[in-house]
Structure formats: C-alpha cells, structure tokens
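The values are calculated or read from the model by the stated rules, or taken from the named source; none is laboratory data. Remember, predicted model here, so these are calculated numbers, not experimental data. Ligands, DNA and RNA are stripped out before the accessible areas are found, and what is left, the full protein with its side chains, is counted by its heavy atoms. Shrake-Rupley method; radii C 1.70, N 1.55, O 1.52, S 1.80 Å.
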Amino acid sequence: MRMRTGSGKIVLCISFMITICLLFSGCAQTKKPTEDPGKTDADTGLLKTADDIGLHDRDGGGTNYAFDYDGKEFRAVFSYDTWTVFDSYKIVNEDDIKIICRALADIHPVHGSDRISYRTEEDMAYEWLQHNIAFMVLPKDDPLLEDAKNVDLDPADQGRSFREIYEDRTGKEFSL
C-alpha cells in the first residue's frame with residue numbers, strides 16, 4: 001500500500017504525539033515498584049539519592065566520569081562549563097535524570113545562560129528531556145540524531161526547547 005506524501009507527515013505527527021504522551025505520562029519510564037500506596041509506579045524512578053549511581057572519576061583527571069544506572073555503565077565527561085552524558089537517551093525517568101544532574105553539578109557546577117548563575121538539576125533535566133524528544137522524533141538519517149543521543153548540559157541551551165535547539169542547529173524551521 002502506498003501512502004500519499006501528506007499522510008506520511010500525519011503518521012509522523014501522530015507517532016510524535018503518542019511518544020510524547022507516553023514519555024510524560026510515565027508509561028515509557030523504567031521504574032521499580034513503590035512501597036507508598038499513595039504513589040503509582042509512574043511517580044518514582046530507580047534512584048533515591050545520588051549515591052545510587054556510584055558516580056566516580058575514571059582516571060583521576062577530573063574530566064572523565066562514569067556512573068551506573070539500571071545495571072548499565074554510562075560515561076559523563078566534563079569540559080569547562082559543560083557536562084556531556086553519553087547515551088543519555090537511554091535514561092528517560094525525569095526524577096532519575098534530576099538526581100543524576102544534581103550529582104554531576106555537585107562535582108562541577110555549570111553556569112546558567114547569563115554566565116553568572118548556576119544551573120539547577122531541574123533545568124538540566126529539562127534540557128536532557130529535550131534531547132530525548134529529539135532522539136525519538138528525528139528521522140534515523142538526520143545528521144542531528146547522533147548529537148541528540150548524548151546530552152551536552154551547557155550554559156547556551158538552558159531553558160531552550162527541542163524546537164529552539166533544532167532551529168538553531170539547522171537554521172531551518174521545525175515542522176511536522
């Protein structure tokens with residue numbers, strides 16, 4: 001069966017909306033059961049504190065770090081005012097992302113976009129989630145896909161949406 005050009009955009013748009021709904025409803029998150037009967041599994045992540053990730057300096061140089069999440073090791077590299085978390089798209093639980101961001105900022109804080117303030121775990125988590133959205137919706141042949149799978153928590157992207165980041169990087173208007 002052949003689709004008309006316009007219907008391909010509609011399918012992509014519907015797929016995007018479903019993915020976003022799943023992500024933000026908690027259905028697409030990895031969780032462990034909660035013991036609080038007033039909370040659902042969607043309310044909690046795998047982590048309780050930053051100690052749960054075992055963040056450590058891999059070589060003693062203060063730039064190459066690793067942490068554990070859900071039985072996997074992740075790399076994080078700090079370069080002046082920027083944390084890069086590799087394969088960040090594999091971590092989708094917002095609460096867990098905030099805990100990881102707090103652990104990173106405790107070691108090396110990142111300035112805000114004003115270059116005076118420092119970023120919070122909430123706004124770093126927002127940027128991380130924007131990368132995750134980009135990774136989910138960009139076509140597999142898009143050159144930005146490789147960048148989207150790793151989050152760079154830096155001053156420049158503080159508070160920017162996926163759309164703003166996309167348009168800045170490509171010079172093109174984003175549209176479904």
Next item on the list: Please go through the stretch 135-146 and pick out each residue that is open to solvent by less than 20 Å² (accessible area, probe 1.4 Å) and either at pLDDT 90 or above or at positive phi (or both).
Entry: none
Next item on the list: Could you list, in sequence order, all residues of the stretch 69-126 that are open to solvent by 60 Å² or more (accessible area, probe 1.4 Å) and small (Gly, Ala, Ser)?
Entry: Gly71, Ser79, Ser113
